[in-house]
Amino acid sequence: MSPRLDANDGAEPYGIAAEHIRLLTKVARMYHERGVRQPQIAELLHISQPRVSRLLKQAVAAGIVRTVVITPRGVHADLEDAVEQRYGLSEVVVADSAGQTDEIAVTRSIAAAAAVYLETTLSRNDRVGISSWSATLLATVDAMHSAAGLATERVVQILGGVGTSAAQGQATRLTGGLARHTRAEAVYLVAPGLVATSEMRQALVREPSIAAVLDAWQDLTVALVGVGSLEPSTLLRQSGNAIAEQEEQRLRELGAIGDVCMRFFDERGQHIASELDDRVLGISAETLKKVPRRIGVAGGERKWRSIRAALLGGWLNVLITDQTTAAELLRD
């Protein structure tokens, strides 16, 4: 509890002389209430500027000055802190979706928040891996601006994107768009995200151009991913790379509820090994979880269960989501 000064107390508060209390209060009011700068205070009171600085610090310690942070409307700091603590995350960004539940509106809100987050936190030495299957990530990259100080070393595609010609365009747009905004080298994975057989995948990873991309996954500092529900998104189905209904049913039987980069997991976030793993040309669960900063950009009612599971399983340590999803993550 902060110290309290009572004018009716007979004793000098906290061993501080009454005259000194008067000076502390005078300096604090000049600085905090009247906006007088420290050099001017020093001149007006005929004391040194270092002493003004010390007096201001003493005023805080004595409880004469108390700092209160007022959260602006549309900022959900308490919600962010609560989700961080519940799931042991490094950071949570909650976008203000103004109570909307429409998936397009929610996606737009999350994307805007994610764009600002990336613009302010990516650094010159970052090597960023980005997934190729996420409408929210596409909206995020589209919402970004190429600021003068925004730069990274490399942007690497971590899941194949060749299916239909439209799918290739989406994957290229994601990787290339983020690389352009961050003045980075773009490293494309020119291969299917999902192939017909494990033998086909083995043949592809032996290709020098593809093997070089897989090597680049080993030293990523950031992974930027979406979180999928077991039911494939419209974007994934349109790509031609959605899993077959029989495989989807088999995953359900194994307990799968969602995925990150087409690596599926159960209600507790535990990776579900299946034959599908051997046909996915994308970053493995083990390699992904070694990336220091794993940013999940996802929200909306359809993904509540899968986002919770992804957090429980350690797939992400940074989450950018909407306020309704954040509140749902705190429900017992």
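The values are calculated or read from the model by the stated rules, or taken from the named source; none is laboratory data. This one's a predicted model, so the numbers in the text were calculated from it and none came from an experiment. Methodologically, a virtual Cβ is constructed for each residue, glycine included, from the backbone with ideal geometry; neighbour enumeration extends over all protein chains shown. Ligands, DNA and RNA are stripped out before the accessible areas are found, and what is left, the full protein with its side chains, is counted by its heavy atoms. Shrake-Rupley method; radii C 1.70, N 1.55, O 1.52, S 1.80 Å.
Anything in region 103-162 that is closer than 26 Å to Gly193 by Cα and among the charged types (D, E, K, R)? List them, or say none. Selection gives Glu103, Arg108, Asp126, Arg127, Asp142, Glu153, Arg154.
Applying the condition of being part of a helix (DSSP H, G or I) and out of contact with any strand residue (DSSP E or B) (no Cβ under 8 Å at 6 or more places or on another chain) to region 134-147 and asking which residue is most open to solvent (accessible area, probe 1.4 Å) yields Asp142.
Scanning region 125-133 for residues that are of a type in the set (Gly, Ala, Ser), in a strand (DSSP E or B) and crowded, with 21+ Cβ neighbours inside 10 Å turns up at least one hit. Are any of the residues in region 275-284 among the β-branched types (Val, Ile, Thr) and touching a Phe, Trp or Tyr at 6+ places or on another chain (Cβ under 6 Å)? Yes, that holds for at least one residue. Residues that are aliphatic (A, V, I, L, M), part of a helix (DSSP H, G or I) and surrounded by 14 or more Cβ atoms within 10 Å (Cβ to Cβ) were ranked within region 62-90; the one that is modelled with the lowest pLDDT is Leu79. Whenever a residue of region 170-199 is touching a residue at least 40 places away in the same chain (Cβ under 8 Å) and under 12 Å from Val128 (Cα atoms), its partners that are open to solvent by 50 Å² or more (accessible area, probe 1.4 Å) and of a type in the set (Asp, Glu), lying with C-beta atoms within less than 8 angstrom and at least six residues away or across chains, give the pairs Ala184/Glu153.
Quick grid of which residues meet (1) more than 22 Å from the chain's Cα centre (by Cα); (2) modelled with pLDDT of 90 or more; (3) of a type outside the set (D, E, K, R):
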| site | (1), (2), (3) |
| --- | --- |
| Ala191 | yes, no, yes |
| Glu207 | yes, yes, no |
| Asp215 | yes, yes, no |
| Val222 | no, yes, yes |
| Val225 | no, yes, yes |
| Leu236 | yes, no, yes |
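Taken over region 197-210, residues that are surrounded by 12 or more Cβ atoms within 10 Å (Cβ to Cβ) and under 12 Å from Val187 (Cβ atoms) amount to 1.
Yes or no, residue by residue, for (1) under 14 Å from Arg51 (Cβ atoms); (2) loosely packed, with under 10 Cβ neighbours inside 10 Å; (3) at pLDDT below 65; (4) touching a strand residue (DSSP E or B) at 6+ places or on another chain (Cβ under 6 Å):
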| residue | (1), (2), (3), (4) |
| --- | --- |
| Ala7 | no, yes, yes, no |
| Gly10 | no, yes, yes, no |
| Ile16 | no, no, yes, no |
| Leu24 | yes, no, no, no |
| Arg37 | no, no, no, no |
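Val156 fulfils the conditions (1) in contact with a Leu (Cβ under 8 Å, 6 or more places away or on another chain); (2) modelled with pLDDT under 85 except for a single criterion, (2).
In region 210-228 there is no residue that is of a type in the set (S, T, N, Q) and farther than 22 Å from Leu118 by Cα.
Of all residues in region 287-332, exactly one satisfies the criterion of being more than 22 Å from Gly99 (Cβ to Cβ) and modelled with pLDDT under 95, namely Asp332. Working only within region 101-110, note down all residues that are surrounded by fewer than 24 Cβ atoms within 10 Å (Cβ to Cβ) and of a type in the set (A, V, I, L, M, F, W, C). Answer for region 101-110, where residues must be surrounded by fewer than 24 Cβ atoms within 10 Å (Cβ to Cβ) and of a type in the set (A, V, I, L, M, F, W, C): Ile104, Ala105.
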